[in-house]
Structure formats: structure tokens, C-alpha cells
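For reference, the structure discussed in these notes is given below.
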Amino acid sequence: MNIIERQWFALKRQFGKIGNLEITRRALSLGSRDATTGWRAKTWTESIITMFIIDQTARSQAVAAGYLVTTDALGIMDPSDDIEVGDEVKNGGDEYYEVKTVKRPTIGDRPALYQCDLKKMPLHQPGITAFGNTGISQPFNFINYPSALCYNGVTYIVFQGDSLDPYAISYTHSSDTWATAVKIATNPLGNDDHGAPAICIDDNDKLHVFYGCHNTVMKHALADAAESIAAWTVQADVTGADATYPKCVSSGANIYLFYRKNVAAEHRKVCLKVSADNGANWGAETDVIDFATGTWIYPGHTELDAAKIHIAWCYLDRSVDRRVNIYHAYYNTADSKMYAMDGTDLGTTIDKTEADANCLVVDTGTDETNHPSLHVDGSNNPWIIYIQGVSGSNEFTFYHTRWTGAAWSTPVAITTTDDQFNFADFIITSTTNVDAYVIAKGEAESAAIKSGGDLERFNWNDSSWIKKEIIYAETFAGCALNNPMVPVSFNSEIKLVFCQVNVEDYDTTDLKVYSYPT
């Protein structure tokens with residue numbers, strides 16, 4: 001019995017049965033970078049090799065056989081086969097691993113079984129569903145909210161599809177069925193991705209979608225039938241020719257529509273319109289956040305909590321051309337006024353002096369930030385995730401803070417990323433169990449492709465954030481990923497939607513939109 005035979009025999013003795021050793025190897029070859037996009041052409045060559053894969057659940061048996069599992073799995077392979085770092089291997093259960101290291105030991109002058117540290121690959125993780133592939137620039141725009149909601153066992157999702165027109169698709173959880181995507185209407189904007197749709201549902205169970213504006217008239221479409229995306233009718237325009245970034249919240253027959261209004265080139269504020277009859281008629285426009293000339297407000301997500309609609313925001317200081325500071329307040333639907341979390345009555349409109357004194361969550365100083373994400377926990381306290389970093393750099397950090405009941409907590413870093421326009425959303429299960437879905441660093445950015453990266457999950461355990469997994473990597477997706485959003489009233493079968501992005505490239509028309517998991 002030679003050295004290799006003895007080692008295979010030892011493995012069989014320890015594990016009892018090691019089964020089929022035929023493993024698919026996918027060898028990676030990279031082409032040169034495209035001069036415009038920066039992406040490399042990828043070629044995979046498949047072959048069959050002999051390898052035994054030991055995962056983390058069999059660590060003790062591996063040690064007994066003389067091996068150590070330090071990553072997701074350890075591959076023991078015949079040295080007569082080829083393997084290189086960066087290759088993929090697939091076992092008989094269609095689980096894919098990336099080869100992280102290769103050890104080529106010898107006994108005397110003879111080769112022994114190779115040992116490969118393996119990392120489970122997010123590309124092939126179950127649960128990621130691409131439900132559309134006609135996106136342009138960014139099928140979801142993170143600031144237009146929400147892009148998805150779940151109602152009565154069905155998740156409804158809206159996105160920018162072919163020609164940037166708004167599309168709707170639905171997933172019925174009981175039957176595990178995706179409907180066919182339906183064009184809602186025609187987007188009046190040309191090569192401009194600011195007009196992504198936002199969705200809500202009224203108490204007649206009809207869906208409303210707001211879309212198609214960038215300092216222009218906001219468009220409004222209503223589904224023809226209850227709980228259906230099959231047909232839509234465009235309604236009367238909701239705003240004047242000065243609106244951007246719809247954020248719709250529904251409660252009974254009331255629809256609250258927040259948006260940014262372009263007052264002048266140096267002055268953009270947040271306004272609100274309310275319908276009390278399921279969108280048939282709209283009340284007068286109300287200014288809710290107005291920092292006056294020299295500022296543009298960038299409102300983040302909104303969330304309904306009983307009679308409160310929470311909103312967080314930053315603003316662009318036009319004097320230094322930098323997005324700064326994180327603020328929070330809530331709109332009280334009972335009296336139509338704005339309040340700070342400590343209960344300070346701010347009236348119908350918050351100005352900058354009031355905001356700095358009562359609503360300031362984070363002073364970013366000379367750093368830059370962007371519009372944040374927001375959710376409310378079981379004790380009715382808001383949490384915020386935001387980004388902060390040096391203006392003009394590619395070094396940014398995601399942070400979280402929350403209202404403790406008396407004050408905003410000291411921000412805690414989650415992870416770093418490489419672009420100011422990478423975003424994150426999160427799910428609060430409890431104050432000791434929060435999952436953050438963040439766009440972390442991906443491939444090196446090119447002049448043409450900037451925002452976007454890998455989608456990763458981090459968990460908060462009440463003391464720190466711990467990285468749990470890479471859900472999907474842009475290397476494997478073939479394109480940068482961004483704009484992760486948790487559907488309103490989400491079902492655990494679809495906790496998140498996100499998309500490929502190639503921002504402001506209006507010639508690429510095949511970007512994918514995804515759900516996770518299904």
C-alpha cells in the first residue's frame with residue numbers, strides 16, 4: 001500500500017464512509033479589464049477531480065484523522081489532480097466552495113494528499129431569486145421608498161424595468177409562485193433614474209405607485225383591482241412640476257406622501273400631501289422640513305408606528321457641496337405636527353435652527369454622509385443606520401444608533417465600504433438581535449462604475465456587530481449590487497430585495513433585480 005492509499009484508508013476508517021469522491025472543479029481564467037466598465041471577462045473550465053470534502057460539522061473526526069478544518073470546509077484531494085487558489089469546487093449536493101488555500105505536503109520525496117481550505121460560495125447559496133432582468137442604471141433607487149411590501153400573504157415589488165418604466169411583480173407565499181412582471185405605466189423621464197417607483201396599499205386593498213419625477217410632476221398609478229398587479233390606471237398628477245423622491249405611507253383610508261420639493265436651485269425642502277379617501281383627492285401641500293436657501297434636504301426612509309410617521313434625513317450644504325449630519329423627527333398623524341423624539345413640539349415645519357437644537361442625531365463635522373435607513377423596534381424606539389466618511393474618498397463606514405428612550409445612543413461601527421452611495425437596510429427582531437444587510441466593498445471601482453459592491457449580512461447582539469455571511473458577491477453576480485431594502489410588513493420568505501447597478505449607464509439594459517430569500 002503506497003502513501004496515498006494509506007491516507008485514503010485512514011480517512012475511510014475515521015469517517016466510516018466517504019462516498020463519491022468525484023468533485024467538479026471549475027478553474028477560473030480572467031481576461032483583461034474592459035476600458036469602459038472595468039469588468040474582467042471570466043471563463044470557467046470544468047473538470048472532474050478526486051476530493052473528499054469535510055465541513056465544519058465533522059471537525060472532531062477530521063482532527064482524529066490528522067486534519068484541521070479552519071474554514072467552512074477542508075478538501076482532501078489526490079495530488080495527481082490540478083487545483084489552484086481561486087478555483088471553485090462543487091460536491092454531489094450542488095454545494096459550491098471557493099478554494100482559498102492549497103497545501104501540497106510531501107512525505108520524504110513523495111507527494112501526500114493535498115489539503116485545500118474551502119469557503120462556501122454565496123453565488124450558489126439557495127434563496128437568491130432573480131425576478132427581473134431588464135433593469136437600467138439602478139432598478140431600485142434607495143431614496144424612493146418603499147420598493148416592496150407584503151400584504152395578505154403576497155409580496156408586491158416595484159422597480160424600474162425596460163426604458164426605466166415602472167414595473168410590478170408579486171410573489172404568493174402559499175403557492176411559492178411568482179407572477180409575471182407587469183408594466184404599470186410609462187415613465188416620463190428620459191435617461192434619469194431618479195423616478196423609480198414607490199408602493200403602498202389602501203384600505204380597499206388596492207395598490208398605489210408613485211413614480212417618474214425629478215424636479216418634475218410626480219406620477220400616480222392605481223391598480224384596477226384589489227390585491228392585483230394585472231392592470232393599472234394612471235391618476236391625476238399629485239404634485240406640481242417640482243417633486244422628487246416619493247415616500248408613501250398608508251394607514252386606513254389615509255395616504256401620506258412625503259417628497260422633496262425644488263423651490264430654487266439652492267433651496268430644496270421636504271413636503272407632505274395627505275389623502276383621506278384612498279388617493280382620490282389630496283389635501284394642500286405642507287412644508288415639513290425646510291432649511292432655507294443654501295440647502296437641499298435628502299430624506300431617508302419613513303416608517304409608520306401607530307400615530308407616528310418617523311423620518312430621518314441629511315442635508316446638502318451647498319456652501320461646501322457636502323451631505324452632512326443625520327436628523328430624525330416624527331409626524332404625528334393626530335395633529336399634523338412634527339415632533340422630536342423627546343416630545344418637543346416643532347409645529348408643522350422644522351427649520352434648521354429647530355433641527356439642530358432638537359433633531360440632531362449625528363453631527364458629521366467635515367465628513368460626509370447620505371440619506372439613512374430607519375426602523376422602529378418593539379418598544380417604539382427608532383433605530384438608524386447611516387454612512388459616514390471623508391468627502392471625496394473611497395473610505396466610508398456604516399454606523400448604527402438608536403433612541404434609548406432618553407437619548408440617541410453612541411454610534412457603533414458595522415463595517416467599512418468604498419462609496420458614499422452604498423446603502424444598507426436592517427431587520428429588528430429584538431434589541432439583542434438585529435440583522436443589517438449592507439453593501440460592502442466589492443471590486444475596485446472604475447471611472448465608469450462607482451457605487452455598489454457585495455451584499456453582506458451583519459448581526460447585532462447588543463454589544464457588537466458580527467459579520468455572518470456574504471449573501472451575494474458582485475464578482476459572482478457579474479455586476480455591482482446595491483439598494484437592499486426590506487419590504488414593509490415583510491414575510492420571512494422574502495426579507496430583502498436588491499439589484500444590480502451600473503449607475504447612469506443608460507445603454508446597459510439587462511440589470512437583474514433579486515429577492516432574498518425565497
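The values are calculated or read from the model by the stated rules, or taken from the named source; none is laboratory data. Computed from a predicted structure; not experimentally measured. Neighbour counts run over all protein chains shown; Cβ positions are idealised from the backbone, glycine included.
The table for this structure:
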quantity	calculated
Residue that is surrounded by the most Cβ atoms within 10 Å (Cβ to Cβ), among those in the stretch 219-230 that are assigned to a loop (DSSP other than H, G, I, E, B) and touching a residue at least 40 places away in the same chain (Cβ under 8 Å)	ILE229
When residues of the stretch 414-440 are limited to those that are in a loop (DSSP other than H, G, I, E, B) and touching a residue at least 60 places away in the same chain (Cβ under 8 Å), the one surrounded by the fewest Cβ atoms within 10 Å (Cβ to Cβ)	PHE421
Selection from the stretch 97-129 of residues that are assigned to a strand (DSSP E or B), at pLDDT below 85 and not charged (D, E, K, R)	ILE107, THR129
Of all residues in the stretch 269-304 being of a type in the set (Gly, Ala, Ser) and touching a residue at least 40 places away in the same chain (Cβ under 8 Å), the one that is surrounded by the most Cβ atoms within 10 Å (Cβ to Cβ)	GLY300
Some residue of the stretch 56-63 being at negative phi and at pLDDT 85 or above	no
Counted residues, the stretch 189-218 - those being outside any loop (DSSP other than H, G, I, E, B) and either within 25 Å of the chain's Cα centre (by Cα) or free of Cβ contacts under 8 Å to residues at least 24 places away in the same chain (or both)	13
Close pairs from the stretch 312-328: first of a type in the set (S, T, N, Q), partner assigned to a strand (DSSP E or B), Cβ under 6 Å, at least 6 apart	ASN325/CYS314
Hits in the stretch 242-287 - residues which are among the charged types (D, E, K, R), more than 17 Å from LEU222 (Cβ to Cβ) and not in a strand (DSSP E or B)	ASP242, GLU266, GLU285
Options LEU316, LEU272, LEU222; residue that is aliphatic (A, V, I, L, M), assigned by TED's automatic domain parsing to the domain that holds HIS194, touching a strand residue (DSSP E or B) at 6+ places or on another chain (Cβ under 7 Å) and closer than 27 Å to ASP377 by Cβ	LEU272
All positions within the stretch 27-54 that are touching a strand residue (DSSP E or B) at 6+ places or on another chain (Cβ under 8 Å) and either outside any strand (DSSP E or B) or modelled with pLDDT of 80 or more (or both)	ALA27, ASP34, TRP39, THR45, SER47, ILE48, ILE49, THR50, MET51, PHE52, ILE53, ILE54
Residue count for the stretch 363-399, restricted to those that are within 21 Å of PHE490 (Cα to Cα) and in contact with a strand residue (DSSP E or B) (Cβ under 8 Å, 6 or more places away or on another chain)	13
Any chance THR186 is assigned to a strand (DSSP E or B) and β-branched (Val, Ile, Thr)	no
Of all residues in the stretch 470-507 being touching a helix residue (DSSP H, G or I) at 6+ places or on another chain (Cβ under 7 Å) and assigned to a strand (DSSP E or B), the one that is surrounded by the most Cβ atoms within 10 Å (Cβ to Cβ)	LEU481
Test: residue in the stretch 253-268 that is aromatic (Phe, Trp, Tyr), touching a Leu at 6+ places or on another chain (Cβ under 8 Å), buried (at least 22 other Cβ atoms within 10 Å of the Cβ) and within 17 Å of TYR167 (Cβ to Cβ)	no
